[in-house]
Structure formats: C-alpha cells, structure tokens
1. Gain in length, residue 61 to residue 20, computed as 0.36 nm per residue apart minus the alpha-carbon separation, to one decimal in nm?
2. How far apart, in nm, are two points set 7 Å out from the Cα along the Cα-to-Cβ line at residue 74 and at residue 54?
Amino acid sequence: MSNIPKEIVKKLFEDQSAKLSCPQCKSTNVAKILHGLPVMSPELQKDLDDGKVVLGGCTVFENMPHHHCNDCDTDF
C-alpha cells in the first residue's frame with residue numbers, strides 16, 4: 001500500500017466554515033476520520049491530539065463513515 005501524501009491529508013482536513021453535529025447526541029465535538037495509511041507529520045499528530053482527526057484504519061470500503069463524535073463515539 002502506498003502512503004497518503006501530506007498535501008492530500010492537509011487538503012482533506014482543512015477547517016470547514018460550517019460545523020457538523022453528531023446525529024446521535026447533537027454534539028459539535030466532531031472529528032474527521034482518516035482512512036488509509038497516512039504519512040505522519042507534526043501537523044497530523046497535533047490534529048490527532050486535539051481530537052480533530054481520528055484514524056479509521058487501513059482498509060477502505062464504500063459507504064464508510066467520514067466523521068466521528070468525540071463525545072458519544074458515534075461514527076457517521
């Protein structure tokens with residue numbers, strides 16, 4: 001498997017103007033799920049530490065959730 005280039009990871013996880021809310025608990029404490037094998041960088045580590053990104057694993061399937069609620073652990 002190839003690594004996901006840092007530039008792609010950065011583009012995928014740029015802040016969006018509208019905050020998402022969890023469909024289960026309505027929290028806006030939501031992280032983006034990064035699927036695949038990322039290239040670790042200080043920026044990605046900070047986003048992981050800050051709860052902005054969670055790792056979704058190396059296997060990628062259709063219709064996988066793209067967001068994770070940090071409060072109730074729901075993936076959506």
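Just so you know, all these numbers are worked out from the coordinates, no wet-lab data involved. All values reported here derive from a predicted model rather than from experimental measurement. FYI the Cβ positions are ideal-geometry reconstructions off the backbone, even for glycines, and counts take in every protein chain you see.
1. Answer, rounded to one decimal: 12.5 nm.
2. Result for the modelled spin labels: 1.2 nm.
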